[in-house]
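In what follows, a structure is listed as structure tokens, so that the remarks can point back to it.
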Amino acid sequence: MSKPAETELYAPVKSWLEGMGYEVKSEVGPADVVALREGAPPVIIELKAGFSLTLLQQAVARQAVTDLVYVAVPRWTGKPGWRAFKGNLRLCRRLGLGVLSVRLKDGLVQVHTDPGPFQPRKSKVKSARILSEFARREGDPNTGGTNGKLVTAYRQDAEKLAACLAKEGPMKGAALAKATGVATATRMMAINHYGWFVRVERGVYGLTDEGRAALPE
């Protein structure tokens with residue numbers, strides 16, 4: 001399916017604005033759409049066939065004219081489209097921009113957010129996770145921008161367990177926790193996220209070939 005043209009968005013958006021009593025004109029100066037209504041500030045809408053940095057830059061530039069700036073894009077399709085749209089919606093909220101989607105098959109215009117100041121809500125859970133990971137991680141084993149190959153505190157703990165098992169042989173989880181300082185040793189080996197551990201008997205774990213191979217030299 002070919003990508004829709006920006007011009008296909010104009011008629012539905014114009015009709016939607018006119019339904020609210022606005023007079024609407026397109027391509028006024030640098031703005032795609034300008035709408036005026038007596039006693040109200042102007043509304044500017046930037047049209048694009050999809051979200052892009054150019055669209056956001058243009059919309060932010062229009063905020064020098066009015067606080068009521070929207071971006072309008074075709075409605076998403078499928079779950080991947082919705083996930084991408086949702087991420088861009090959060091970004092637009094932070095920029096103080098309104099967001100419209102246009103369903104081209106019937107011209108439905110949906111308002112997802114109106115322009116306005118944005119105050120992000122802080123997540124105590126997410127903050128606690130970052131601070132915990134920072135505190136637990138030993139040293140700084142990663143390079144910023146690593147392509148998915150990260151050494152986390154969890155992996156460091158798993159490596160401690162694997163190294164101890166490689167040296168001492170199968171051990172009980174409690175003894176391994178005491179020897180390595182990894183309090184969650186038994187649980188980590190039971191979950192076996194990396195496939196490094198094997199249950200030898202009840203409460204006793206050993207090391208797999210994958211675990212030996214993963215040990216730092």
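The values are calculated or read from the model by the stated rules, or taken from the named source; none is laboratory data. Everything quoted here is computed from the prediction, not taken from an experiment. Virtual Cβ from ideal backbone geometry, glycine too; neighbours counted across all protein chains shown. Note: areas computed on protein heavy atoms with side chains; ligands, DNA, RNA excluded. Shrake-Rupley method; radii C 1.70, N 1.55, O 1.52, S 1.80 Å.
Remarks
- Inter-label distance, nm, simple model (7 Å from Cα along the C-beta direction), A49/A175: 6.8
- Kirkwood hydrodynamic radius computed over the range 32-136 comes to 15.4 Å, based on all pairs of distinct alpha carbons.
- Solvent exposure, largest accessible area first (probe 1.4 Å, DNA, RNA and ligands not counted), of L97, L215: L215, L97
- By the rule of a C-alpha distance below 16 Å, with chain neighbours fewer than 8 residues away ignored, the aspartates and glutamates paired with K86 are D114.
- Ordered by solvent-accessible area of protein heavy atoms (1.4 Å probe), largest first, the residues D67, D106, D32 come out as D67, D106, D32.
- Taking all protein chains together and rolling a 1.4 Å probe, L91 ends up with roughly 70 Å² accessible.
- Whole-percent carbon and sulfur share, accessible surface of the range 125-217, 1.4 Å: 53
- Taking the C-alpha atoms of the range 77-190, convex hull volume expressed per residue in Å³: 182
- Normalised per residue, the accessible area of the chain is 64 Å², obtained with a 1.4 Å probe and no contribution from ligands, DNA or RNA.
- Judged by the mean number of other Cβ atoms found within 10 Å, the most tightly packed of the peptides 3-9, 173-179 leads the ranking 173-179, 3-9.
- Calculated Kirkwood radius over Cα pairs in Å (choose from (i) 21.9; (ii) 18.4; (iii) 18.8), label: (i)
- Computed from backbone phi, the HN-Hα couplings of the range 37-45 come to 9, 4, x, 10, x, x, 10, 10, 10 Hz, rounded to whole numbers (Karplus: 6.51 cos²θ - 1.76 cosθ + 1.60, θ = phi - 60°; Gly and Pro given as x).
- Among the listed pairs K14/K79; K3/K105; K149/K178; K48/K122; K48/K79; K48/K126, those beyond 23 Å (Cα-Cα): K14/K79; K149/K178; K48/K122; K48/K126
- Using a probe of 1.4 Å on the protein chains alone, the accessible area found for R199 is around 140 Å².
- Expected 222 nm ellipticity per residue - DSSP helices of 4 or more, -39500 (n - 2.57), all of the chain, to 500: -12500 deg cm²/dmol
- Size of charge dipole - the chain - debye, nearest 20, with Cβ of Lys, Arg +1 and Asp, Glu -1, no other charges: 900
- The length gained on full extension between R37 and T66, counted as 0.36 nm times the residue separation minus their Cα-Cα distance, comes to 9.1 nm.
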